[in-house]
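Written below as structure tokens is the structure these notes are about.
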Amino acid sequence: MFPTVEQSVPAHLISDAPQPAPLPVTLTYRADDPLAVRMVFPAAVSLSGTTVTWTFARGLLDAGLHTPSGTGDVHVWPCGRTQTMVELRSPEGVALLRFATGRLRHFLLHSYATVPAELETRTIDIDSGLASLLGEARG
């Protein structure tokens, strides 16, 4: 069994409402998928009424604590010294979330203790992954 880091991190949804709405978010890092982090939202806060998981690069989250980062559906950037913004884009719309930077940093420290950055690609079986992809493409 591969080690997993999981941490509940409060977020605030930024919207037109007078006060940002608090959201419970769970961050997950799995050693068997060392380049990715998962941001899991409970069913109670999703439009579909089901749990929603966003998966993106651990390096994106790390870089976004220091400088605006990301292209595509996920963007992360610092907001002052103690907060970090995460923007999630989908066909259904855009969600802008504010996190305490210290909580994100704490999660990342635990993930790097599980799989250090310099070992991320060593734990990936690239040959098997390519064979699987190419086999599916031919079939």
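Summary of values
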| quantity | calculated |
| --- | --- |
| 17 Å cut-off, amide nitrogen to a point 7 angstrom out along Ala21 Cα→Cβ, residues in region 27-52 | 40-52 |
| Using alpha carbons only: equivalent-ellipsoid semi-axes of the chain, gyration tensor based, whole Å | 28, 19, 14 |
| Residue-averaged 222 nm ellipticity for the chain, from DSSP H runs of 4+ at -39500 (n - 2.57), nearest 500 | -7500 deg cm²/dmol |
| Backbone HN-Hα couplings from phi across region 19-29 [Karplus 6.51/-1.76/1.60, Hz, Gly and Pro as x] | 10, x, 7, x, 10, x, 10, 10, 9, 10, 10 |
| For region 35-45, Karplus couplings with θ = phi - 60° (6.51, -1.76, 1.60), whole Hz, Gly/Pro x | 8, 10, 10, 10, 10, 10, 10, x, 4, 4, 10 |
| Between 0 and 90°, nearest 10: helix 101-114 axis offset from the chain longest Cα axis | 20 |
| Estimated FRET transfer efficiency when R0 is 22 angstrom, pair Ala100-Met1 (beta carbons, to 0.05) | 0.10 |
| Karplus (6.51, -1.76, 1.60) ³J(HN,Hα), θ = phi - 60°, over region 85-97, in Hz, Gly and Pro reported as x | 9, 10, 10, 10, 10, 9, x, 7, x, 10, 10, 10, 10 |
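None of the figures in this text is laboratory data; all of them are computed from the coordinates on show. If you're wondering where the values come from, they're calculated on a predicted model, not measured in any experiment. Reconstructed Cβ throughout: ideal geometry from the backbone, glycine too, with neighbour counts over all protein chains shown.
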